[in-house]
Amino acid sequence: MQTVSRQPERETIVELLRSVEQQGAPAVLELVGEAGIGKTTLLETVGESPRAGRLVLRGRAAEFEGDLPYGLFIDALDAHLAGISERRSDGLDPADLAELAGVFPALERRVAAPAVLVREERFRFHRAVRALLEQVARRGSAVLALDDVHFADPSSCELLASLLRRLPDGPVLLAVAYRSGRGPPAVASELIAAARSGRVERIELGPLSRADSEALMAAEGLDGAARERLFALSGGNPFYLDRLVRADRRADAGSAPRELVSTTVGDGVAAVPAEVAVVLAQEVGALPATAQAVVQGAAVAGEPFEPDLVAEIAGVHEGEVLLALDELQDHDLIRPTAVAREFRFRHPLVRAAVYHSLRGGWRVAAHARAATALGRRGAAAIARAPHLEQSARRGDSDAIGVLAEAGRAAAGRAPASAARWLAAAVRLAPTHGPGSERRLELMPELAGALASVGALERCHEVVVEALGLLPEAIDERRTALIAGCAQAEIFLGRYDQARARLVKALDSVGDELTPVRVGLQLALASCAAYVNELDLALLSARSALDGARQLGRPRLHAGALSILSLSAYGAGNLDEAEAAHVDASALIAVMDDGTIERHVELLWFLGWAGWFLGHYAAAETHFGRGIAISRTTDARLLTEMTVGRAVTLTWLGRLEEAVASSQDALEAAQLNNNPSRLMWCNIARCLSLTAAGELEAAVAAGEDAVGIARKLGTSVISAAAGWGCAAAMIEAGQPGRAVEMMLEMLGGPDLPRYYAGMRPLCYGLLTRAEIQRGGGAAARDWAARATASAEQVGSVLGRAHGDLARAVASLGGEPALASELALGSAEAFDRTGAALDAARARLLAGRALIAVRDRQRAGEELRRAEEAFAHFGATRLRAEAVRELRRIGRRVRSAGRRGAVDGGRLASLSGREHEVADLVTARLTNREIAAQLFLSEKTVESHLSSVFVKLGVGSRTEVARAVEEARSAAGAPRTARPLTPPGP
Ligand SMILES: Nc1ncnc2c1ncn2[C@@H]1O[C@H](COP(=O)(O)OP(=O)(O)OP(=O)(O)O)[C@@H](O)[C@H]1O
Ligand SMILES: [Mg+2]
């Protein structure tokens, strides 16, 4: 049968691609419909008419390749990459190339050092794929057409979801086709989100019209009644129609009449409507016995298949297989592929129908033969795993070994596949008696893989089951599992359950001093510190410290000191916290990475203790070391460490790095879908973006964090989400919401839900919010509380926050006092290294000094603040300082001359940002820039805002000045350099 039109759909597609190419902006085509309705046929028309500079990349997922990690993308991109690497990277960043080489076979051997994929950093690989598409599109445009997404492996789905979440920049059309209602959940939900932003064109393919169906049957010489009957039977589905017409021909030739039932055969994505299954079964049934065996063997082998493997599975001589393949091709059941000796089924529905028609026993035996045959050929564990999963016997230790190996091989890049194979291995391992040890070994690995893909409930179940299998006596292994179980419970917000589990375990170990007991005390202390139960935290940390000292175990000793420091800070015992911090830092400084490796949480606790106490540089060192160690080991706490570093960098005024780190952490957390981690990452994002002046995004991140916190329940982190979000709201001019948020999340005016040491800062925020909404008296009350809490705590940092709060409250009535307090706190902040807070205090001092008419000193303080903000990239705060300076008639030198926007800063712009900055300098509007660069206006806006941040400026004029000055310094002409439009 020939192809009929689908004209309206084809026009929609042509129009969509045209607009992508004209506007230089990305778009998504979503093609859905039932099995056999014509999605693949239509998808093949996308980008079919050639256009200079357009590259069309096509990939298709196959049911049986379901667990080949990134199979769909390898299919689409590998051939292109093979070309790219020969011509040397072609403008791709070497780091991206190394990431790609970790997955794509075409690059594997060509890139000297492929990146080792770290499970928690899969987002780096995703970014590299995005960069690849952008690079392809720079030469014209790119179409990435992904078919049969319903069969895609979990890693491909994750990557696709991530591409949909952040579409490649530039003229890229992402076309995806999948069966209605069978879209992988991660992909489907991103498609819904992307549709909301108007970037998705969705085509739902319906049945062919009667006229189109007639046209398809025209050449078949059927009479009108037969055509009518076949059309009705097919429901306008071209695949069914095709098979029914064939069956009809056979019926004419004397084969058995059809009997139609209306159910489906098989389940999930592979379900086949019964009519079709029956028709196909009859087709197969009419074949000679050898051909039947061969097609059945091929259905077990998976796609694409090779004759020799099919021969072994079907128990047929290879020569006969080749003959049978010809016969199957004549019946249009299979087709050769472009690769020699490789065949595919004519359609996935054909394979599914044949596979589901197999009798259970034969199917199991056939999979077993496939596994053995592949084993003999030395095939990789990952190729044998799907067959073993279907055929291996319980307790088959070889099969368990292969499945475990497949799981481990996938662990780094494809944790979802790892979880599947490890789960299969666990299922085969005996629960009791000989071999059961194996099960216990595999379960923690399975739990790790499950946690990494956000299947926390399943992960928790596995750990609980493993605990049930272990002997009752509490030893190191059991302790580790109990701690892991409590961790999963904390992630899930089940704080009471976690605490109860640890308390019970401690009760049952008795009073004897052992490392196990101390380990449990540490786990309990950290759990209690997390939920702000500081008496319990202190008690446990102190006795853990005693125990660790007596046992003479440095690792436990350092752990106890770190948690003690944090708990004591929370309880307001600053001296104890400081002393423990000093001792822990000294111990950890002399520990080598190998010792810390399996206990990297030490660095996490110590980093936070340092941050709370205001030892920012030390905190940054600890988190940085934690990140480095995590990357080379199990990456368990990589996201946590990155969050810690992002927050610390914010306080140090290294905002660009802080924003980038928080983005890294968030992307990682989105992949493993762990609510607690998402909350932490959003807090880090909120804080860093607030400081950088990107307030809309900051408030949004803060609100996300609070939304999660409300679901998870009260903890120190939910309090942090509250004040972080409130800080963003204050900056964004929403003081009323900020006050409400603070009181809700921190538990009322006494702020009982948060660490004592942090109260001065939090009262300071409440003071600012009240001043902003004109509540002078309320502001003074909060400021008084800030001072009182600072006195109670007695730390330098706390006093600095207390003084700053009073300065804020007294600025209107007693500016002299305000300036004195603000200057004092600025110096204190400087001493602790809180660079951003120091500059804020100076800004306030400058305002107060203006009010007392001390213009000279006001100018000096404001200038210092302005320079600091410019250096940090705190755009909005800098703009505020500039405004104050102008109020007192100070000329504000352009950022460029002062070295704030020096060559280095300009050099930090990306290629695109440079182009945008150049065109801004040539005084083009955003719309004109968009047209010139083939970008959308929104994209230009987002480039421009990152230009502002990177150059530390607040206006287009300042961008222009910075660029012009850099040019004249370099002796270049003052006009914009001519642009070469993108093209081949
Ligand atoms: N417009 C058309 N005109 C003629 N035949 C068509 C048309 N569309 C599809 N077909 C035929 O129907 C069969 C099924 O089409 P296709 O493979 O495109 O369906 P699909 O929606 O991709 O199915 P699946 O969900 O199984 O992937 C094909 O073999 C093709 O030849
Ligand atoms: Mg298809």
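The values are calculated or read from the model by the stated rules, or taken from the named source; none is laboratory data. Since the model is a prediction, treat every value here as computed from it, not as a measurement. Ideal geometry is used to build each Cβ from the backbone, glycine not excepted, and the neighbour counts take in all protein chains shown. We work out accessible area using only protein heavy atoms, side chains counted, and drop any ligands, DNA or RNA first. Shrake-Rupley method; radii C 1.70, N 1.55, O 1.52, S 1.80 Å.
Taking region 422-436, which residues are over 24 Å from Gln487 (Cβ atoms) and assigned to a helix (DSSP H, G or I)?
Ala424, Arg427, Leu428, Ser436
For Ala373, work out the one condition from (1) within 32 Å of the chain's Cα centre (by Cα); (2) open to solvent by less than 10 Å² (accessible area, probe 1.4 Å); (3) not β-branched (Val, Ile, Thr) it doesn't fulfil.
The single condition Ala373 does not satisfy is (1).
Would you confirm, using the coordinates I've provided, whether Leu68 is within 26 Å of the chain's Cα centre (by Cα), in a helix (DSSP H, G or I), buried (at least 20 other Cβ atoms within 10 Å of the Cβ) and away from ligand 1 (no atom under 16 Å from the Cβ)?
No: the conditions fail for Leu68.
Can you work out which of the residues in region 137-161 that are over 15 Å from Val46 (Cβ atoms) and in a loop (DSSP other than H, G, I, E, B) is farthest from ligand 1 (Cβ to nearest atom)?
For region 137-161, the residue satisfying everything is Arg139.
Look at Ala76 and say whether it is surrounded by 20 or more Cβ atoms within 10 Å (Cβ to Cβ), small (Gly, Ala, Ser), at pLDDT below 85 and within 16 Å of ligand 2 (Cβ to nearest atom).
No: the conditions fail for Ala76.
In the set Asp511, Asp496, which member is without any contact (Cβ under 8 Å) to a residue 12 or more places away in the chain and in a helix (DSSP H, G or I)?
Sole residue among the options that is without any contact (Cβ under 8 Å) to a residue 12 or more places away in the chain and in a helix (DSSP H, G or I): Asp496.
Considering region 3-34 alone, what residues qualify as being crowded, with 19+ Cβ neighbours inside 10 Å, part of a helix (DSSP H, G or I) and either within 16 Å of ligand 2 (Cβ to nearest atom) or without any contact (Cβ under 8 Å) to a residue 24 or more places away in the chain (or both)?
Correct list: Ile13 only.
Considering only region 182-212, state which residues are more than 17 Å from Asp147 (Cβ to Cβ) and within 16 Å of ligand 1 (Cβ to nearest atom).
Correct list: Gly206, Pro207, Leu208, Ser209, Arg210, Ala211, Asp212.
Under 7 Å by Cβ, and 6 or more places apart or on different chains, what pairs join a residue from region 35-55 that is under 16 Å from Val172 (Cβ atoms) and touching a residue at least 40 places away in the same chain (Cβ under 8 Å) with one that is more than 9 Å from ligand 2 (Cβ to nearest atom) and open to solvent by 50 Å² or more (accessible area, probe 1.4 Å)?
Partner pairs satisfying both residue conditions: Gly53/Arg139; Gly53/Pro984.
Applying the selection to region 35-47, what residues are surrounded by fewer than 19 Cβ atoms within 10 Å (Cβ to Cβ) and away from ligand 1 (no atom under 14 Å from the Cβ)?
none
I'm checking my understanding of the structure. Among residues of region 651-660 that are in a helix (DSSP H, G or I) and more than 15 Å from Ala697 (Cβ to Cβ), which one is farthest from the chain's Cα centre (by Cα)?
Trp651
Being in a helix (DSSP H, G or I), of a type outside the set (Lys, Arg) and closer than 12 Å to Leu309 by Cα is the filter here; which residues of region 373-400 pass it?
Ala373, Leu374, Gly375, listed by residue number.
Does Ser894 count as open to solvent by less than 40 Å² (accessible area, probe 1.4 Å) and modelled with pLDDT under 80?
yes
For residues in region 216-228 being surrounded by 14 or more Cβ atoms within 10 Å (Cβ to Cβ) and in a helix (DSSP H, G or I), which is nearest to ligand 1 (Cβ to nearest atom)?
Leu216
From the residues in region 91-113 that are open to solvent by 50 Å² or more (accessible area, probe 1.4 Å), touching a helix residue (DSSP H, G or I) at 6+ places or on another chain (Cβ under 8 Å) and in a loop (DSSP other than H, G, I, E, B), which one is modelled with the lowest pLDDT?
Residue satisfying both the conditions and the ranking: Ala113.
Mind checking whether some residue in region 730-753 is surrounded by fewer than 23 Cβ atoms within 10 Å (Cβ to Cβ), within 26 Å of the chain's Cα centre (by Cα) and under 26 Å from Ser661 (Cα atoms)?
Scanning region 730-753 turns up no residue that is surrounded by fewer than 23 Cβ atoms within 10 Å (Cβ to Cβ), within 26 Å of the chain's Cα centre (by Cα) and under 26 Å from Ser661 (Cα atoms).
Taking helices (runs of 4 or more DSSP H) that fall entirely within region 290-372, which contain at least 1 residues that are of a type in the set (A, V, I, L, M, F, W, C) and within 25 Å of Leu403 (Cβ to Cβ)?
Those helices (runs of 4 or more DSSP H) span 307-314, 348-357.
Could you go through region 120-136 and let me know if any residue there is away from ligand 1 (no atom under 16 Å from the Cβ), more than 22 Å from the chain's Cα centre (by Cα), in contact (Cβ under 8 Å) with a residue 60 or more places away in the chain and in a helix (DSSP H, G or I).
Checked against the condition, which is being away from ligand 1 (no atom under 16 Å from the Cβ), more than 22 Å from the chain's Cα centre (by Cα), in contact (Cβ under 8 Å) with a residue 60 or more places away in the chain and in a helix (DSSP H, G or I), region 120-136 yields at least one hit.
If the requirement is being open to solvent by 60 Å² or more (accessible area, probe 1.4 Å), of a type outside the set (Asp, Glu) and in a helix (DSSP H, G or I), which of these qualifies: Ala247, Ala193, Ala211?
None of the others qualify; the one that does is Ala211.
For region 49-65, how many residues are away from ligand 1 (no atom under 14 Å from the Cβ) and either open to solvent by 20 Å² or more (accessible area, probe 1.4 Å) or at pLDDT below 90 (or both)?
10
Leu403 is checked against (1) free of Cβ contacts under 8 Å to residues at least 24 places away in the same chain; (2) in a helix (DSSP H, G or I); (3) not aromatic (Phe, Trp, Tyr) and fails just one. What number does that condition carry?
The single condition Leu403 does not satisfy is (1).
Of all residues in region 162-190 being touching a Lys or Arg at 6+ places or on another chain (Cβ under 8 Å), open to solvent by 10 Å² or more (accessible area, probe 1.4 Å) and part of a loop (DSSP other than H, G, I, E, B), which is farthest from Leu349 (Cα to Cα)?
Going through the qualifying residues, I end up with Asp169.
If we keep just the residues of region 229-243 that are open to solvent by less than 10 Å² (accessible area, probe 1.4 Å), away from ligand 2 (no atom under 16 Å from the Cβ) and on the phi < 0 side of the Ramachandran plot, which is modelled with the lowest pLDDT?
Ser234
Only one of Arg335, Arg344 is open to solvent by 10 Å² or more (accessible area, probe 1.4 Å), within 16 Å of ligand 1 (Cβ to nearest atom) and touching an Asp or Glu at 6+ places or on another chain (Cβ under 9 Å). Can you tell me which?
Result of the check over Arg335, Arg344: Arg344.
Output the number of residues of region 400-422 satisfying the condition of being surrounded by fewer than 24 Cβ atoms within 10 Å (Cβ to Cβ) and within 20 Å of Arg369 (Cβ to Cβ).
Residues that pass the stated criteria total 1.
Residues Leu492, Leu469: which one is of a type in the set (A, V, I, L, M), open to solvent by less than 60 Å² (accessible area, probe 1.4 Å) and modelled with pLDDT of 90 or more?
Sole residue among the options that is of a type in the set (A, V, I, L, M), open to solvent by less than 60 Å² (accessible area, probe 1.4 Å) and modelled with pLDDT of 90 or more: Leu492.
Taking the stated definitions as given, is Thr690 β-branched (Val, Ile, Thr), crowded, with 24+ Cβ neighbours inside 10 Å and at pLDDT below 95?
No; evaluated as a whole, the condition is false for this residue.
Give the residue, chosen from Ala962, Ala966, that is modelled with pLDDT of 80 or more, in contact with a Gly (Cβ under 7 Å, 6 or more places away or on another chain) and either more than 21 Å from Gln23 (Cβ to Cβ) or part of a loop (DSSP other than H, G, I, E, B) (or both).
Answer to the check: Ala962.
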